[in-house]
1. If ILE247 passes every condition in (1) within 25 Å of HIS102 (Cβ to Cβ); (2) at pLDDT 95 or above; (3) part of a loop (DSSP other than H, G, I, E, B) but one, which one does it miss?
2. Quick check on segment 201-220. Is at least one of its residues among the small types (Gly, Ala, Ser) and either at pLDDT below 95 or not in a helix (DSSP H, G or I) (or both)?
3. Is there a residue being in contact with a Leu (Cβ under 6 Å, 6 or more places away or on another chain) and open to solvent by 20 Å² or more (accessible area, probe 1.4 Å) anywhere in segment 215-222?
4. Being surrounded by 20 or more Cβ atoms within 10 Å (Cβ to Cβ) and in contact with a helix residue (DSSP H, G or I) (Cβ under 9 Å, 6 or more places away or on another chain) is the filter here, so list the residues in segment 115-131 that pass it.
5. What are the pairs, 6+ residues apart or on separate chains, where a residue within segment 249-277 that is within 29 Å of MET231 (Cα to Cα) and touching a residue at least 60 places away in the same chain (Cβ under 8 Å) has its Cβ under 6 Å from a residue that is open to solvent by 50 Å² or more (accessible area, probe 1.4 Å) and assigned to a loop (DSSP other than H, G, I, E, B)?
6. Is one or more of the residues making up segment 80-87 buried (at least 18 other Cβ atoms within 10 Å of the Cβ) and farther than 23 Å from SER171 by Cα?
7. Looking only at segment 1-44, filter to residues that are of a type in the set (Phe, Trp, Tyr) and closer than 20 Å to HIS64 by Cα; which one of those is most open to solvent (accessible area, probe 1.4 Å)?
8. So, in segment 182-214, of the ones that are without any contact (Cβ under 8 Å) to a residue 40 or more places away in the chain and either charged (D, E, K, R) or open to solvent by less than 40 Å² (accessible area, probe 1.4 Å) (or both), which residue ends up nearest to ILE122 (Cα to Cα)?
Amino acid sequence: MVTFKDFRNTIKPNWCPGCGDFSVQAAIQRAAANQGIEPHDLAVVSGIGCSGRLSGYINAFGLHGIHGRALPIAQGLKMANRDLNVIATGGDGDGFAIGMGHTVHSIRRNIDVTYVVMDNQIYGLTKGQTSPRSAAGFVTKSTPGGAIEPSLKPLEVALSSGATFVAQSFSTDLKELTAIIEAGMQHKGFSFINVFSPCVTYNKVNTYDWFKENLTKLADIEGYDNADRQMAMKTVIEHEGLVTGIIYQDTETTSYQEKVIGYNEEPINKADIHLKEEDLNSLMKEFM
């Protein structure tokens, strides 16, 4: 029987003590174990930033990609090996700045991948600059007079881009976060999960206490229906994106790979692709 411990390796995370990313890592490990997934059936692809290190801290297939490119790698993995459970991870800088184009197109494409964003509203690895998620007026090394741009609204972007699964959680709520990641992994299509993961070193505004005072659980909103996209968007806007839970889920839309011609045939990773010597020699002659 698979347990949480099966997803541990010998590499010790070097995040700052108190970083929210520790809980995100634990939630991914617990979610995989709860579903009985074996480590060799899980692939974690990460981007750049503090959160990018996560793929190396889990006992599974892992790839630490380049800045903003975790999603195209993850999608390629899923298309090549449909038996893998593929999770992409990254920070708000990785996913909403240089990687924003990939994020939007991954959402609309709806490939069966789970994307977990660790949202700390700042660039942590590069020592505290304003990120796309920093609020207007936010003072950092790169904006000493305060940010003059409004913060990007990822939930609204995801919903308007046609996402079939949108959720948000807070890193201190390990039970809810684990359940949301499980639901995302079980969803047949692209799952977008934003996680408030406070940076205890550089972000002294969006702290654990700040989130505890400002977040609203969707479960506490009477009559909320996460199958209603209009209600989801209205609720997100009314609460300025500060909600947690499964915001929206569409279980009817077919995933990308199921629409691809030949998808039901033998997958590439199981096909016999042995090349005969005479065929190889014939190909080589074309380059001589």
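The values are calculated or read from the model by the stated rules, or taken from the named source; none is laboratory data. If you're wondering where the values come from, they're calculated on a predicted model, not measured in any experiment. Counting neighbours? That spans all protein chains shown, and the Cβs are built from the backbone with ideal geometry, glycine included. In case anyone asks, the SASA skips ligands and DNA or RNA and just uses the protein heavy atoms, side chains included. Shrake-Rupley method; radii C 1.70, N 1.55, O 1.52, S 1.80 Å.
1. (3)
2. no
3. Yes, some residue in segment 215-222 is in contact with a Leu (Cβ under 6 Å, 6 or more places away or on another chain) and open to solvent by 20 Å² or more (accessible area, probe 1.4 Å).
4. From segment 115-131, those surrounded by 20 or more Cβ atoms within 10 Å (Cβ to Cβ) are 115-124, 130-131; that's our starting set.
Passing the criteria: TYR115, VAL116, VAL117, MET118, ASP119, ASN120, GLN121, ILE122, TYR123, GLY124, SER131.
5. As it stands, the answer is GLN249/ASN226; SER255/LYS188, since those pairs meet every condition given.
6. Within segment 80-87, one or more residues are buried (at least 18 other Cβ atoms within 10 Å of the Cβ) and farther than 23 Å from SER171 by Cα.
7. PHE22
8. Across segment 182-214, the extreme among qualifying residues is LYS204.
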